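Worksheet: one structure, shown below.
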Amino acid sequence: MNEIMRAALERARQTMTANIGGPFGAAIIDEKGEVLAVASNSVLHDNDPTAHAEVNAIRAACKKIGSYDLSGCTLYTTAYPCPMCLSAIIWANIKQVYFGCRPADAEAIGFRDDFIYRFIENKCCDKDVMQIVELDREDCLQLFKEYQTQGKIIY
């Protein structure tokens, strides 16, 4: 077994056993192979539905290097990232991800990853899942224009 994946798996097992979160662990290494972060899911402990292993690892790695940009880093995770985590990985500029379990494996034990993928594939149009409605676009667009005019950082 890969040693980085083993670290993610062992962290997940440790916190899963302590009822901190599910069977999800993640680790991030830099381009030199140095471990920047090893984290696990802490949804139950933190009462935070966004406290997934990948997000927790990204937060820890960014804090360690003092940047929101993890270009050149690689992420290892015990399960294929959910849509939220995939988005966070993309926002962090991580280009390489190694995963263990597939979305169907998570669904088989009751997690909703595949359900969310199906919602997205259906163009987010299932009102039984969520209703997404545009509101006050012009006012919000003004805020975007202010950001651009002020020459703020695009990330």
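Listing for the model above:
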| quantity | calculated |
| --- | --- |
| Subset of region 54-72 [in contact with a helix residue (DSSP H, G or I) (Cβ under 7 Å, 6 or more places away or on another chain) and of a type in the set (A, V, I, L, M, F, W, C)] | V55, I58, L70 |
| Hits in region 65-84 - residues which are surrounded by 14 or more Cβ atoms within 10 Å (Cβ to Cβ) and without any contact (Cβ under 8 Å) to a residue 40 or more places away in the chain | I65, Y80, P81, C82, M84 |
| Per-region count, region 1-33, residues closer than 21 Å to I89 by Cα, open to solvent by less than 90 Å² (accessible area, probe 1.4 Å) and not polar (S, T, N, Q) | 18 |
| Test set (1) of a type in the set (D, E); (2) open to solvent by less than 60 Å² (accessible area, probe 1.4 Å); (3) in contact with an Asp or Glu (Cβ under 9 Å, 6 or more places away or on another chain) - E107 fails condition number | (2) |
| In region 23-59, the residues that are in a loop (DSSP other than H, G, I, E, B), free of Cβ contacts under 8 Å to residues at least 40 places away in the same chain and either in contact with a Cys (Cβ under 6 Å, 6 or more places away or on another chain) or not small (G, A, S) (or both) | K32, E34, N41, N47, D48, P49, T50, H52 |
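The values are calculated or read from the model by the stated rules, or taken from the named source; none is laboratory data. A quick note: this is a predicted structure, and the numbers were derived from the prediction, not measured. A quick note on method: Cβ atoms are made from the backbone with ideal geometry, for glycine too, and the neighbour counts reach across all protein chains shown. Each accessible area value is taken on the protein alone, full model and side chains, heavy atoms only, with ligands, DNA and RNA left out. Shrake-Rupley method; radii C 1.70, N 1.55, O 1.52, S 1.80 Å.
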